[in-house]
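Q: Once you've had a glance at the structure underneath, I'll fire off some questions.
The values are calculated or read from the model by the stated rules, or taken from the named source; none is laboratory data. All of these numbers come straight from a predicted model, not from anything done at the bench. Note: ideal-geometry Cβ built from the backbone for every residue, glycine included; neighbour counts use all protein chains shown. Quick note on the areas: whole protein, heavy atoms, side chains included, nothing else; ligands and nucleic acids left out. Shrake-Rupley method; radii C 1.70, N 1.55, O 1.52, S 1.80 Å.
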Amino acid sequence: MSQALVKREALDELSTVIGPEKLARIVDRFLLSLAGAVAEGDRTPADYGREAHTLVSMSGMLGCEALSQACRTVEEAAAAGQDLTEPLAALRLLRDQTAAALQDLGAVMPRADQPAITAASGASNVRTAPSGG
């Protein structure tokens, strides 16, 4: 499931550019922002549209393409004055699934003392998390 929701290649490429520690901090902040993103409550369609807009780029940069597209759909529907019930439900589901996928990948992301997986390395030194079940 996680490969379909989070493109590991995008994370590996970003890790190569900015380093694994900075990537880990960005992913952690993104997960925190997802925790409260597009929550139900006393909000206007414009509020949801603005929030979705802020998530489009970050989710895309982190390889969360389905989430990025769902955010774009909410943003565009809000701007067009359309009913947001279905797009928000889809976005909330993807938000939760993507957060879980990122957390799963976090268990195998390279640590500071381990290189990221790259095409040039031909091998992986990543640690894996216990299966837990």
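Q: With the cut-off at 19 Å, report for the range 1-89 the share of all Cα pairs above it, as a whole percent.
A: Here the tail beyond 19 Å accounts for 42 percent of pairs.
Q: Also, quick follow-up: Can you send over the solvent-accessible area of residue 72, 1.4 Å probe, protein chains only, in Å² to the nearest 10?
A: So the heavy atoms of residue 72 present about 90 Å² to solvent.
Q: Rolling a 1.4 angstrom probe over the protein chains, ignoring ligands and nucleic acids, what is the accessible area of residue 73 in square angstrom, nearest 10?
A: Surface accessible to solvent at residue 73 totals approximately 60 Å².
Q: Please arrange 7, 22 by accessible surface area, largest first, computed with a 1.4 Å probe and ligands excluded.
A: 22, 7
Q: Pull out the extension gain between residue 39 and residue 25, defined as 0.36 nm times the separation in residues minus the alpha carbon to alpha carbon distance; nm, one decimal.
A: The span from residue 39 to residue 25 would gain 2.7 nm if fully extended.
Q: Still on this structure, please answer the following. Evaluate the charge dipole of the range 1-42 about its Cα centre and quote only its size in Debye, nearest 20, assuming +1 on the Cβ of each Lys and Arg and -1 on the Cβ of each Asp and Glu.
A: The dipole magnitude comes to about 140 debye.
Q: Then there's this: For the range 1-46, what is the accessible area per residue in Å² when the probe is 1.4 Å?
A: Value returned for the range 1-46: 60 Å² of accessible area per residue.
Q: Given the options 46, 71, 10, identify the residue whose Cα lies farthest towards the positive end of the charge dipole of the range 5-76 (+1 on Cβ of Lys, Arg; -1 on Cβ of Asp, Glu).
A: 10
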